[in-house]
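No lab work stands behind these numbers, since they all come straight from the coordinates. Keep in mind that what you see is a predicted model, and the values were worked out from it rather than measured. Ideal geometry is used to build each Cβ from the backbone, glycine not excepted, and the neighbour counts take in all protein chains shown.
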Amino acid sequence: MIPITRGMAIDEKEIQESFVRAPGPGGQNVNKVASAVQLRFDARNSPSLSAQVRERLIRLAGKRATQDGVVIINANRYRLQEQNRQDARERLIDLIRRAAVTPRVRRKTQPSGAAKRRRLEAKRRRGESKKARAPIKSWNE
């Protein structure tokens, strides 16, 4: 079990890892060793997550989530496979932790009367300063 928050943990069996060759420079090593990690986590069918966390996780994952609700994390920051594996897991855990936080409900408010007066006064001052920049009209026109 991988602990996420105090009351939430995911089973290691829910995570699938595959190792692929990392892109980019690296000489002979990059052509021989599959050091990059592609981590897959089926968020939509995970029994460890509540429905709200599941939906927020898929929304937070953005383009890293497939249509089926599978979150895919590619990790190729390091040269060692084990470090990339750890990096991918930490990124998944961080994503799930962020999804576990319930967003605060926004309540509609109205600006106070004083705030409205300040806004209108600032608009009036801006208008006066712009009017002062206009060319002066002569008596003949």
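Does any residue of segment 64-82 turn out to be within 30 Å of residue 5 (Cα to Cα), among the β-branched types (Val, Ile, Thr), in contact (Cβ under 8 Å) with a residue 60 or more places away in the chain and not in a loop (DSSP other than H, G, I, E, B)? Among the residues of segment 64-82, not one is within 30 Å of residue 5 (Cα to Cα), among the β-branched types (Val, Ile, Thr), in contact (Cβ under 8 Å) with a residue 60 or more places away in the chain and not in a loop (DSSP other than H, G, I, E, B), which makes the answer no. Filtering segment 83-134 to residues that are over 30 Å from residue 56 (Cβ atoms) and under 31 Å from the mean Cα position of the chain (by Cα) leaves only 111.
Considering only residues in segment 92-116 that are among the charged types (D, E, K, R) and in a helix (DSSP H, G or I), the one that is surrounded by the most Cβ atoms within 10 Å (Cβ to Cβ) turns out to be 97.
Would you call residue 119 surrounded by 10 or more Cβ atoms within 10 Å (Cβ to Cβ), among the basic types (Lys, Arg) and more than 30 Å from residue 23 (Cα to Cα)? In short, yes.
Within segment 43-62, can one find any residue that is assigned to a loop (DSSP other than H, G, I, E, B), surrounded by 10 or more Cβ atoms within 10 Å (Cβ to Cβ), over 26 Å from the mean Cα position of the chain (by Cα) and touching a residue at least 12 places away in the same chain (Cβ under 8 Å)? No: segment 43-62 contains no residue that is assigned to a loop (DSSP other than H, G, I, E, B), surrounded by 10 or more Cβ atoms within 10 Å (Cβ to Cβ), over 26 Å from the mean Cα position of the chain (by Cα) and touching a residue at least 12 places away in the same chain (Cβ under 8 Å). Among the conditions (1) exposed (fewer than 10 other Cβ atoms within 10 Å of the Cβ); (2) in contact with a strand residue (DSSP E or B) (Cβ under 6 Å, 6 or more places away or on another chain), residue 85 misses just one, which is (1). The residue that is nearest to residue 9 (Cα to Cα), counting only those in segment 29-82 that are touching a Ser or Thr at 6+ places or on another chain (Cβ under 8 Å) and among the charged types (D, E, K, R), is 54.
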